[in-house]
Structures are given as C-alpha cells and as structure tokens.
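*Asks:* Let me begin by handing over the structure; questions about it come next.
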Amino acid sequence: MSLSNFAFPTAIRFGAGARKEVGPHLRERGLKRPLIVTDKALAALPVLAEFKTHLQGLDVAVFGGVFGNPTASQVMEGAAAFKAHGADCVIGFGGGAALDVAKVVGIAATHEGDILEYVWDHPQVRAITNPLPYFVALPTTSGTGSEVGRSAVVSENDTHLKRVVFSAAILARQVFADPELTLALPPHVTAATGMDALTHNIESYLSPAYHPLCDGIALEGTRLAARSLARAVREPGDIAARGDMMMSSMMGAIAFQKDLGAVHACAHALGAVCDLHHGLANALMIDTVLAWNYETVPEKFDELAHVCRVPGGGAAFVGWLKALKAEIGITGSLSAHGVQAAQIPRLVKIAHGDICHQTNPRPCTPADFERLFQAAL
C-alpha cells in the first residue's frame, strides 16, 4: 500500500445565528478594518445589511463587484478595494463565486502580478510567499462548499476558461456556516445549488482515488441532500432542511479532495461556452453521465442507493435522480436551456481538457464526451 495524505483543517462554527459571532471573533484578534467581498446581487439585499449590524466597532468596506462566473479582473478590482480601504482582513460573504474571489483577493493585494499567474498549472506559476490577510467565510448558498475549500476557480477574462488557484494558504481561518443566511434564497437557486452539492458528494464517492475518510463524508453528504433538498425547495423556511443542505454542501467540498468526475468536466465546459450556472449545468448532465458510469462501478451505485433509500438498488439510482430533479423544478434537456448542437465540438474540447474527468470511474475519450453531450442535448 502506498503512502497517502489526509487533511481536514478548517475550523467551522455551524448553526443558526453563527453570523452574529463574526464581529467579536475579529475584534478578539485585533482586527479592525474588514473588507466584505460579495456579489452584486447580495450587496443590495437586506441579508447583507442585517449582517453588517453585527459588525459594530469595525470599520467595514464592501466590495460588491463579483458576478457570474468570477473573472481575474474581478479579483484584481477586489484587491484594489482592499488596498484603498487599508483593510486588515477579508470577510467572504456569498455563494461560490463571491467566496472564490474572497479567497484570492488577499493574494492579489499582497503579491505582485495578475492573479492568473498563481493558478496551479501556469507554466511559470508564482509562489505565495507573503503572509495573507486573515480571512473568514460565510456561505449564503448551499452548493459549492467553497468556504471549506483550498481552491478558487477564476475564469480568464476573454476565453471564460476556468482556472484554479490551489493552496492551503487560501483556506478560511474560520467558517461561520449559518443556515439562516439561506432562508431567502428563491426555489430555483436552492434547487440548482443543491444539485451542485449533491453532485460533489456523488462524484467524489465514485472517484477511484483512495480516500476512505472522504468516502464516508461523501456518503453522509449524499444522504443529507437526499433527505432535505426537495424539502428546502418546497418549504424554504424550514431551518432543519436548510441546515442539512448547508452541511451537505460543506461535506461535498471536503470530500472532493478526492477529486470529481466527468459530470464536472462537462459542467465546466457548459459554463465556459454557454455561461450556464454551474449547479444547473451539473444537474443537466448528471443522469446522462452516471448512467454511462454505472456499469463500471455498480457496487458503488448500490451504496449510493442505500444511503438515499432508493428501492431497487444501484440500477434504480439514476432514475431516482431524474425524479428528484423533476420534483425540484429542474426540467428539460441542454437544448431547452439554450445549448446548440453547433457548440458541441467546443464543449468536447474543453471537457476533455478539464482535469476533473481524470478521476471519473470510467475513462473518457473525446468521442465519449461527444456522445454524452449529444445524449443530454
């Protein structure tokens, strides 16, 4: 047996009202000038105004310039806001996009060069050598689990290709996971982000990489989402369902240290080419890809069916997923969401170039990706 490395270092304060502890937490550490990094929509909503009431005694600035799939220029604008405020810490407040930008604003504010020079596969990748600002994260969606991740996905400005900064240095020093922050999410956002969380858990479990700790987390994260996703969509004020989904989201992101699979490779391509919401893109591809994967690891599908209480075992799991999608209002094929057959060659090229499919349980050729996109169209 070869040697393996396992790490679960993130400190998490979880539960209703956790957001109220951010101010005291920062003040206890002598921090006084936080920059809140959030997205354009949240910046104007009551949920952010309410959160700021719990930051008494701090000189707070807000950078609300994150939107869509976040780009390198958004990160650099956030870093400029950090320096203009004379900030001494960063509060990431939002969904995956805002949190990914918040994670790397500190790099751009304290290091030379463009943030894309720090992506892991840059041919002359720059090292993170300077101390980074203290960073805390508050998720307002239950999808990416970015708050507990050591990677930040940032798109190139012109091509929209997603690039990844990967380093333990960008982990949040403290996560405040408060399901009350998700109570106002509209049903379609709850559904799409919830499918993202579910996909993370399922794909990381199916990954052939050796990580039994993550396997256990992924299965429990899958169970929580199966139990509560439809309820969170149907009854948005149900705090227990919201809590399950926030926990499932974090568990999925912890589990995908094990890496993901072809669903995510396809979703990343759909984001780059068609600007589809990442969670929706996962949802539109997951049953097609998993049906193709089933014959390779049927015993793992049996286990997924077991934790989701699906009658009929692994063979019925994909059908259960389709029914769940319909129940939460995610319907239609790729073409119903604006994807065109003429885009498939570019989708195939990007998906096959994406690192995620390297840990798909079934190896994927460009021809395989073409068949998968055609089937989902």
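*Asks:* Just how large is the dipole of segment 12-182 about the Cα centre, in debye to the nearest 20, putting +1 at every Lys and Arg Cβ and -1 at every Asp and Glu Cβ?
*Replies:* Computed charge dipole of segment 12-182: roughly 440 debye.
*Asks:* I want the local charge near residue 168. Using Cβ-Cβ distances under 14 Å, sum +1 for each Lys or Arg and -1 for each Asp or Glu among the other residues. Display every interim value, and only then the final one.
*Replies:* Working: positive: 103, 150, 173; negative: none.
Summing Lys/Arg as +1 and Asp/Glu as -1 gives +3.
*Asks:* R0 = 30 Å: FRET efficiency of residue 20 with residue 41, Cβ-based, nearest 0.05?
*Replies:* Details: r = 23 Å, r/R0 = 0.76.
It comes out at approximately 0.85.
*Asks:* Report the label-to-label distance for residue 291 and residue 231 in nanometres (one decimal), using points 7 Å from each Cα along the Cα→Cβ vector.
*Replies:* Calculated label separation equals 3.0 nm.
*Asks:* Further, regarding this structure: Take the Cα pairs of segment 12-182, get the Kirkwood Rh, then feed it into Stokes-Einstein at 37 °C and 0.692 mPa s and tell me D in µm²/s.
*Replies:* Working: Rh = 15.7 Å.
Translational D for this selection: 209 µm²/s.
*Asks:* I need to check one value: relative contact order of the chain, counting alpha carbon pairs closer than 8 Å and at least 6 residues apart, in percent.
*Replies:* Working: 775 pairs, mean separation 54.7, N = 377.
Once divided by the residue count of the chain, the mean separation gives 14 percent.
*Asks:* To continue, here is another question. Give the separation of the Cα centroids, segment 81-100 to segment 33-63, in Å.
*Replies:* So the separation of the two Cα centres works out to 10 Å.
*Asks:* If you count, for each residue, the other Cβ atoms within 10 Å and average over each peptide, how do 355-364, 267-276 line up from highest to lowest? Could you put the intermediate results ahead of the total?
*Replies:* Details: 355-364: 18.9, 267-276: 22.7.
Highest mean packing first, the order is 267-276, 355-364.
*Asks:* What does the extension gain come out to for residue 27 and residue 164, with contour length at 0.36 nm per residue minus their alpha carbon separation? Present the calculation step by step, with values, prior to reporting the outcome.
*Replies:* Details: separation 137, 0.36 × 137 = 49.32 nm, distance 3.19 nm.
Once the chain is fully extended between residue 27 and residue 164, it gains 46.1 nm.
*Asks:* Relative to the Cα centre, what is the charge dipole magnitude of segment 208-349, using +1 at the beta carbon of each Lys and Arg, -1 at the beta carbon of each Asp and Glu, and rounding to the nearest 20 debye? Walk me through the numbers on the way to the answer.
*Replies:* Values: 12 positive and 13 negative charges, 55 e Å.
So the magnitude is around 260 debye.
*Asks:* Using modelled amide H (1.01 Å from N, peptide plane; none on Pro or chain starts), what sits under 5 Å from the amide H of residue 155, excluding residues fewer than 5 places away?
*Replies:* Excluding prolines and chain starts, which carry no amide H, the hits are 71, 72, 163.
*Asks:* Quick one: grab Rg to one decimal and Dmax as a whole number for the chain, Cα atoms only, in Å.
*Replies:* Cα radius of gyration and Dmax of the chain are 19.8, 59 Å respectively.
*Asks:* Among 49, 226, 61, which one shows the biggest mean-square fluctuation in a GNM of the chain, springs joining Cα atoms closer than 10 Å?
*Replies:* 49
*Asks:* Report, to the nearest 10°, how far helix 344-353 tilts away from the longest principal axis of the Cα atoms in the chain, using its own Cα long axis and a range of 0 to 90°.
*Replies:* Long axis of 344-353 versus the principal axis of the chain: about 70 degrees.
*Asks:* Pairing the Cα long axis of helix 72-85 with the longest principal axis of the chain, what angle in degrees results, from 0 to 90 and rounded to the nearest 10?
*Replies:* Between the helix axis and the principal axis of the chain, the angle is about 20 degrees.
*Asks:* Gaussian network model of the chain, Cα springs within a sub-10 Å range: biggest mean-square fluctuation belongs to which of 354, 238, 158?
*Replies:* 158
*Asks:* Evaluate E = 1/(1 + (r/R0)^6) for residue 209 and residue 125, where r is the Cβ-Cβ distance and R0 equals 25 Å; express this FRET efficiency to the nearest 0.05. Before the final figure, lay out each step's value.
*Replies:* Details: r = 23 Å, r/R0 = 0.92.
Result of the calculation: an efficiency of 0.60.
*Asks:* According to the square roots a ≥ b ≥ c of the eigenvalues of the Cα gyration tensor, what is the shape class of segment 187-376, taking rounded for a/c under 1.5, prolate for a/b larger than b/c otherwise, and oblate for the remainder? Walk me through the intermediate numbers first.
*Replies:* Details: a/c = 1.63, a/b = 1.23, b/c = 1.33.
Oblate, because a/c is 1.5 or more while a/b does not exceed b/c.
*Asks:* At a threshold of 8 angstrom on Cα-Cα distance, excluding pairs fewer than six apart, so keeping six or more, what relative contact order does segment 187-376 reach in percent?
*Replies:* Values: 320 pairs, mean separation 53.4, N = 190.
Relative CO of segment 187-376 lands at 28 percent.
*Asks:* Could you rank the peptides 256-262, 131-137 by their average count of other C-beta atoms within 10 Å per residue, with the highest value first? Show your work: numbers first, answer last.
*Replies:* Working: 256-262: 25.1, 131-137: 20.6.
Ranking, from highest mean packing down: 256-262, 131-137.
*Asks:* Output wanted: per-residue J couplings in Hz (rounded whole) for segment 147-155, from phi through Karplus 6.51 cos²θ - 1.76 cosθ + 1.60, θ = phi - 60°, x for Gly and Pro.
*Replies:* Once θ is set to phi - 60°, the couplings for segment 147-155 become 4, 10, x, 9, 10, 10, 9, 10, 8 Hz.
*Asks:* Among 100, 39, what is the fewest-to-most ranking by other Cβ atoms within 10 Å? Kindly include the intermediate steps, with their values, before the conclusion.
*Replies:* Numbers: 100 30, 39 26.
Going from sparsest to densest Cβ surroundings: 39, 100.
*Asks:* Fewest Cβ neighbours within 10 Å first, please rank 62, 153 accordingly.
*Replies:* With the fewest neighbours first, 62, 153 line up as 62, 153.
*Asks:* To continue, here is another question. Quick one: 278, 160, fewest Cβ neighbours within 10 Å first, how do they rank?
*Replies:* Numbers: 278 25, 160 16.
Going from least to most buried by this count: 160, 278.
*Asks:* May I pose another question? HN-Hα J couplings of segment 51-57 from phi, Karplus 6.51/-1.76/1.60, θ = phi - 60°, integer Hz, Gly and Pro as x?
*Replies:* 4, 5, 5, 8, 10, 4, x
*Asks:* Using alpha-carbon pairs under 8 Å, 6+ residues apart, how would you state the relative contact order of segment 215-281 in percent?
*Replies:* Numbers: 46 pairs, mean separation 19.9, N = 67.
After rounding, I find 30 percent.
*Asks:* Mind pulling the angle between the C-alpha long axis of helix 262-274 and the longest principal axis of the chain? Nearest 10 degrees, somewhere in 0 to 90.
*Replies:* 60 degrees
*Asks:* For residue 306 and residue 341, calculate 0.36 nm times their separation in residues minus their Cα-Cα distance, and state this gained length in nm to one decimal. Before the final figure, lay out the partial values.
*Replies:* On the way: separation 35, 0.36 × 35 = 12.60 nm, distance 3.68 nm.
Taking 0.36 nm per residue and subtracting the Cα distance, the gain is 8.9 nm.
*Asks:* A further question follows. Could you check what % of the DSSP bridge pairs in the chain are antiparallel, to the nearest 5?
*Replies:* In the chain, approximately 20 percent of DSSP beta bridges are antiparallel ones.
*Asks:* Would you work out which of 106, 172, 195 lies farthest towards the positive end of the dipole of segment 98-201, given +1 charges on the beta-carbon of Lys and Arg and -1 on that of Asp and Glu, about the Cα centre?
*Replies:* 172
*Asks:* Which cross-chain or sequence-distant (5 or more) residues have an amide H under 5 Å from the amide H of residue 296, H modelled 1.01 Å from N in plane?
*Replies:* Counting only residues 5 or more places away or on other chains, the set is empty.
*Asks:* Further question: If amide H atoms are built 1.01 Å from N in the plane of the peptide, which residues on other chains or at least 5 residues away come under 5 Å of the amide H of residue 90?
*Replies:* 35, 134, 135, 136
*Asks:* Charges only on Cβ, +1 for Lys and Arg, -1 for Asp and Glu: so what's the dipole of the chain about the Cα centre, in debye to the nearest 20? Walk me through the numbers before you get to the answer.
*Replies:* On the way: 30 positive and 35 negative charges, 107 e Å.
Using Cβ point charges on Lys, Arg, Asp and Glu, the chain gives about 520 debye.
The numbers here are math on the coordinates, done by the rules we state, and not lab data. These figures come from a predicted structure and were not determined experimentally. In this analysis, Cβ positions are derived from the backbone assuming ideal geometry, glycine residues included, and neighbour counts consider all displayed protein chains.
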